[in-house]
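The values are calculated or read from the model by the stated rules, or taken from the named source; none is laboratory data. In this text the structure is predicted, and so the values were computed from the model without any measurement. Quick reminder, even Gly has a Cβ in these numbers, built from the backbone with ideal geometry, and neighbours come from all protein chains shown.
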Amino acid sequence: MNPIDLHVHVLGNGLAGSGCRVQRVWWQEPFVQMMARGVGVDVGPADPRLDEVYARRLGSWLDESSLGGVVLLACDYVHQDDGVSRPDLSRIYVPNEYVLELCRREQRFLPGISIHPARKNALDLLEAGVEAGAVLLKLLPCVQIVDPALARYRPFWKRMAELRLPLLAHTGGEFSLPTYRPDLCNPDCLRAVLEQGVTVIAAHCGAPALPWHRDFSGDFLDLRNAFPNLYGDISALSQWVHFKTLTRVRENPQRILYGSDYPVATSVFCSRAFRWISSHEAERLWKTRNPLQRKLELTRLLGFPDTIFSGVYDVLRQTPALAKIRSGEDVLSG
């Protein structure tokens with residue numbers, strides 16, 4: 001089976017009707033420009049063509065890679081605990097409808113929906129998303145203000161477990177988006193979801209995003225030992241600040257899954273500096289222009305077992321689109 005990347009972001013400005021929005025922050029502009037160059041997006045952030053260019057470029061990278069598919073991630077608005085939507089606090093918004101539309105156009109795109117459980121119609125949206133083919137649900141508790149332990153969210157987690165829809169939850173530090181609840185960076189906040197029987201993927205395994213952030217990877221490993229339904233993903237883990245986390249998960253790769261965090265850049269230099277890869281291997285990766293393929297090849301060179309790829313197929317909610325990719329059936333864009 002060709003690997004599936006379970007952590008790929010959709011971005012857009014919504015000027016052509018996608019419904020997406022992104023708030024630009026002046027101090028992040030150099031990083032955004034570098035990221036755009038890295039993934040081959042050559043239109044400006046205020047260009048109405050941005051959404052389509054981004055989606056098409058991702059599709060071309062997928063064509064040129066050895067991946068079988070990617071999970072595209074929606075991103076819901078920040079909500080208060082009482083269900084009030086806070087677009088003013090939401091730096092990025094990617095509606096489920098847009099992600100589902102992209103996945104209907106390209107069957108190797110698998111939909112990862114995002115629904116804040118405080119929404120009044122959260123359960124209805126959950127049912128609709130599963131009916132439309134969602135393979136997981138993505139949330140950023142520390143950013144979207146989702147306290148999983150709140151009793152009012154219990155029916156939402158319970159229904160996710162019944163539907164066998166896994167939760168991909170951000171853990172650890174965050175750089176791109178504002179953190180409103182730092183206490184929810186700790187993977188231990190997911191205990192209430194795990195207790196309801198939901199399969200949970202702790203994105204980034206609790207890694208820090210900046211040098212002064214706490215590394216929660218030890219907390220993640222302790223929680224994984226306590227709950228057989230907890231997994232982690234290695235998305236974004238390639239920078240200096242991730243050294244401790246990467247070391248720990250390479251030594252303890254059980255229930256670790258593959259994801260890239262595209263369009264976040266993958267660093268080859270750090271793995272070479274730590275002598276995890278040879279100079280020859282590093283040179284080959286530096287010459288690999290395709291960001292999806294570079295992350296994939298680096299992961300293999302770091303010595304992770306094949307279960308980091310095969311496990312993705314087992315954890316995602318089983319859908320006809322996933323079954324086609326699993327079988328190796330030729331899937332063409334619609």
* Look through Thr266, Thr288, Thr247, Thr299 and report the one residue that is of a type outside the set (Lys, Arg), part of a loop (DSSP other than H, G, I, E, B) and either in contact (Cβ under 8 Å) with a residue 60 or more places away in the chain or within 28 Å of Arg214 (Cβ to Cβ) (or both). => Thr266
* Asked: Quick one: which of Ala236, Ala321 is small (Gly, Ala, Ser), at pLDDT 95 or above and assigned to a loop (DSSP other than H, G, I, E, B)?
  -> Ala236
* To do: State whether the residues of the stretch 21-28 include one that is in contact with a Gly (Cβ under 8 Å, 6 or more places away or on another chain), under 24 Å from Asp233 (Cα atoms), crowded, with 17+ Cβ neighbours inside 10 Å and of a type in the set (D, E, K, R).
  => no
* Structure fact -> Apart from one, (1) β-branched (Val, Ile, Thr); (2) at pLDDT 95 or above; (3) farther than 20 Å from Lys138 by Cβ; (4) under 20 Å from the mean Cα position of the chain (by Cα) all hold for Val32; the odd one out is (2)
* Asked: Quick one: would you say Cys205 is farther than 17 Å from Val146 by Cβ, buried (at least 23 other Cβ atoms within 10 Å of the Cβ), at pLDDT 95 or above and not aromatic (Phe, Trp, Tyr)?
  -> yes
* Structure fact -> Residue hits (the stretch 81-108; closer than 19 Å to Asp124 by Cβ and in contact with a Pro (Cβ under 8 Å, 6 or more places away or on another chain)) are Asn96, Val99, Leu100
* To do: Output the residue which, of all residues in the stretch 250-263 that are touching a residue at least 40 places away in the same chain (Cβ under 8 Å) and outside any loop (DSSP other than H, G, I, E, B), is surrounded by the most Cβ atoms within 10 Å (Cβ to Cβ).
  => Leu257
* To do: Identify all residues within the stretch 218-245 that are of a type in the set (Gly, Ala, Ser) and buried (at least 20 other Cβ atoms within 10 Å of the Cβ); write none if there are none.
  => Gly232, Ser235, Ala236, Ser238
* Structure fact -> If we ask which residues in the stretch 128-151 are touching a residue at least 24 places away in the same chain (Cβ under 8 Å) and surrounded by fewer than 18 Cβ atoms within 10 Å (Cβ to Cβ), their number turns out to be 4
